[in-house]
Amino acid sequence: MTSSLASAHWLNPPFAGSAVFCLEFETPENRDVELQIAAVPGFRLSLDGTCVAVSHLQFTRERVFLERVPLHVIAGRHQLELLLVDYGEYSPRSRMMLPRGLYVLAEGVDGVTFNTGIASWRCRRETRFSFERQELKNFQCVGGILLFDNRIPVPRERLEPVRAEIGSDARTFRQVRCSDRKLDSSLLPPFCEREITSWRILAVDHNLSGSAYTANSTLLPDDNEGKIFFLPPHSCRRILIGFDHYCCCREQFQVHGGNGGEIVISWAEALFGTPEETEKGDRMEFAGKYFRGLCDRFFPGRGENTFFNFDYRAGRYAEIRIISGCEPLEIHGLKFYENRYPLEFAGEWRSSDPRLDALVAPAFRTLQMCAHDTLMDCPYYEQLMYIGDGRLQLLAGYVSAGEAFGALADHVMELWAEGIREDGIFMSIYPAQAYQIIPGFSLIFLLAICDYIRYRDRREVSSQIFPLGVRSLLAWENSLDAEGLLRINRGWRFVDWVEGWPQGVPPGAETQAHCIFNALYAYVLKEFAEICRWKNEPELAARFSRRHNTLLKNIIRKFYVPEAGLFSDLADENVFSEHANALMLLAGIPEPSIQRRTAENLFAPSKQFLLTRTSLYFSFYYLEAAAVTGFMNAFFRRLDNWEAVEKLHLDTMPETSEPTRSDCHGWSAHILYHLYATIAGIRPSAPGGSCYSVRPHPGHLTAFSCRMASIAKTMDFSWPSGIQLV
């Protein structure tokens, strides 16, 4: 954190609505300047009318992050403009609610020229931007439709902004609710913002009624000057664009003329078989299908218009609907720019099973698309960082993304840690507007702490999250009932999206002690006790081990059904799930005979006792349990659940089996972790990945070779053969 935060002030716009902060300055020579900018809710920075930076970092209840922006300015007079958009009631749910404002800091002598509260910043209204509600057939919470109206004149009046609090350091206020906007430096690298050129126009027609597309290409443009289409007055076009790969991007384009017209750009992950159904089928097919998606609307004024969207959109298809008014309209210079964390695949994987190998690219593409300043569940529908989803994404990144993943892992863990409540429970999504509690996710965060210490263990982060994990695990003891079982009495008891579980809640979880939550608690106690030993905390390790052993005895007494050789979800009913039994195997059942019978009946179940199956998400724990108990045949059979990825030409991993809402969902990318950590069997055996153990589980594979790229080490391994550090 810079030592001169107090040399600049926060500036607030003196009016409601979107605002542009303006600064005119002069430099006698060519020079490089670095600005540190924090803005709520975010910024778009232009130098002399050209966009040079957009914000990427979300703020929290306790911190607003400074983003570094390098500028190269030539000798002469210049103007900076910083756009702050007011979403009103249509803000994305991932954005928390803080007072709007701008903070700019430059070091040394540049402070007089650029620092807010010192330099001559002015503020004007930006009335061309507004938002309205957009409804989809599936739930979405990424904000409203952008209405960008260039028919509205740009106000010329520049007002004096409100000089507010001085810059102050958030690090001295950790875990304390702040009444104003505390500042923190970000260690995240610059984001990937390169232009996407691998797109093409698939179809063009005159139909704006929402009918199915055809493969007719007679209206496709043939010029090479970046112009998409020229429309005479009072005409319309519908253009379908396809991208070679799923992408998260911002668009920018110019419109000449077209006053009184309208341009609507929509985004979709795939097209649909009928106007109403959710089935998408082959993701590469568009002919005979219907387009539905999130959109933004642009209204050109007279002359030349430049349009852009403030937030990124996601998908594999874009649709442009154009209506010209009383003037001709020409669109040209359409460009798409990536918007994501700079994550690249640093590993390798090849095996004797091509179906398995085909899952690597879509799994990592999913991780890329969900990696921004947070690890979000999905980039299209929600953009929220749930703990249950994010833990699996962290594991996938730990084994495949190399050193570059370290800064993001640090940032993610610190954000989640900030979401702890006074009762020791962690909020299930953070940062977010919603104050949501999923008790199972709070327990899973303790597993994420264990993972972090095993794979990363950066002292500055571990020293924060480990004590909070201890505090939380101790607090869970207050939720034990008279029988020594965990009873969940708060929040959304979500476990998994499976048929027969309303809102993902297993029956009985809201009224009685439930085996799934007790098994998860036992699993957490076991893992955290091991980490306490790694951290040289023998007393804590002994305490959690005792609690683990006692809890396992209580679970066996209450939930084990000998005639079924399985654990029932409920104490007084024979209701079985893969979830409860997989978690019990991971928790380490002390009686070998019960452990063996449970594994046999989970991985080779009889028709007499039916088990609720795990989804793609919770299959992570099923696969872990299969590997721990040596049932690799069941492990590889369960991977068949991902066969639709190749069959239906998905570029990323879906949220659920077909029909799925989201085509790009981070939690389903956990298969990437299992390639390296389970099949190759490479797992940390000391903090920070300083040492690894290797216990391969090749199953039916006759051979495989891989490069595991963790944050600390890169290792080549082949089977049959051996391992080599790179």
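The values are calculated or read from the model by the stated rules, or taken from the named source; none is laboratory data. The structure displayed is predicted, hence computed values, not measured ones. Quick reminder, even Gly has a Cβ in these numbers, built from the backbone with ideal geometry, and neighbours come from all protein chains shown. For the accessible areas, the whole protein counts, side chains as well, though only heavy atoms, and no ligand, DNA or RNA atoms are used. Shrake-Rupley method; radii C 1.70, N 1.55, O 1.52, S 1.80 Å.
Okay, here's what the table says:
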| read-out | value |
| --- | --- |
| Relative counts (whole %) of C-alpha pair distances in region 204-345, using bins that are 5 Å wide | 2, 9, 19, 21, 20, 16, 8, 3, 1, 0, 0 |
| Helix axis angle, 619-629 relative to the chain longest principal axis, alpha carbon, degrees | 30 degrees |
| Inter-centroid distance (Cα atoms) of region 551-581 relative to region 408-458, Å | 29 Å |
| Probe 1.4 Å - accessible area at LEU395, Å² to nearest ten | 0 Å² |
| Cα-centred dipole magnitude for region 459-554, charges only on beta-carbon of K, R (+1) and D, E (-1), debye, nearest 20 | 300 debye |
| In degrees, nearest ten, helix 459-475 long axis to first principal axis of the chain (Cα) | 60 degrees |
| Region 662-726: C-alpha gyration tensor shape, a/c 1.5 cut-off, then a/b vs b/c | oblate |
| Helix axis angle, 538-559 relative to the chain longest principal axis, alpha carbon, degrees | 70 degrees |
| Charge dipole of the chain about the Cα centre (unit charges at C-beta), most positive-ward option of PRO190, LEU446, TRP476 | TRP476 |
| Cα-centre dipole for the chain with unit charges at Cβ (Lys and Arg positive, Asp and Glu negative), debye to 20 | 1180 debye |
| Within the chain, helix-based [θ] at 222 nm, where runs of 4 or more DSSP H residues each add -39,500 (n - 2.57), nearest 500 | -7000 deg cm²/dmol |
| Ranked order, LEU474, LEU187 - accessible area, probe 1.4 Å, largest first | LEU187, LEU474 |
| Mean separation of Cα contacts under 8 Å (6+ apart) over length of the chain, as relative contact order % | 12 percent |
| 13 Å beta-carbon shell around ALA587, net charge (K/R +1, D/E -1) | -1 |
| Cβ-based net charge around GLY508, under 9 Å, with every Lys or Arg adding one and every Asp or Glu removing one | -3 |
| Sequence of LEU540, LEU585 when ordered by accessible area, the most exposed leading, probe 1.4 angstrom | LEU540, LEU585 |
| Solvent accessible area, Å² - TYR676, 1.4 Å probe, full protein context | 0 Å² |
| Relative contact order (percent, whole number), region 85-219, Cα cutoff 8 Å, 6+ residue spacing | 19 percent |
| Positive-pole candidate from LEU616, TYR317, ALA627, dipole of the chain, charges at beta carbon | ALA627 |
| Dipole axis of the chain (+1 Lys, Arg; -1 Asp, Glu on Cβ), positive-most option in PHE229, LEU45, TYR676 | TYR676 |
| Exposure of VAL575 as accessible area (Å², to 10), given a probe of 1.4 Å and all protein chains | 50 Å² |
| Interchain or long-range residues, amide H under 5 Å from GLU327's placed H | HIS234, GLY258, ASN259 |
| Surface share of carbon and sulfur [accessible, 1.4 angstrom probe, percent] for the chain | 50 percent |
| Per-residue HN-Hα couplings for region 579-585 [Karplus 6.51, -1.76, 1.60; θ = phi - 60°; Hz; x = Gly/Pro] | 4, 5, 6, 5, 5, 5, 4 |
| Other-chain or far-sequence residues with amide H under 5 Å of ALA703's (modelled H) | SER352 |
| DSSP-assigned coil residues among GluC sites (Glu not before Pro) in region 433-509, each with at most 12 further Cβ atoms within 10 Å | GLU483, GLU499 |
| Sequence-separation-based contact order of region 376-450, relative, with Cα cut under 8 Å and 6+ spacing, percent | 31 percent |
| Heavy-atom surface of the chain, accessible at 1.4 Å and reported per residue (Å²) | 38 Å² |
| 3J(HN,Hα) from dihedral phi, region 403-419, Karplus parametrisation 6.51/-1.76/1.60, rounded to Hz, x for glycine, proline | 4, 4, 6, x, 4, 5, 4, 4, 4, 4, 5, 5, 5, 4, 4, 5, x |
| Solvent-accessible ranking of THR614, THR306, largest area first, probe 1.4 Å | THR306, THR614 |
| 5 angstrom amide H check on GLY143, placed H, neighbours 5+ away | ARG93 |
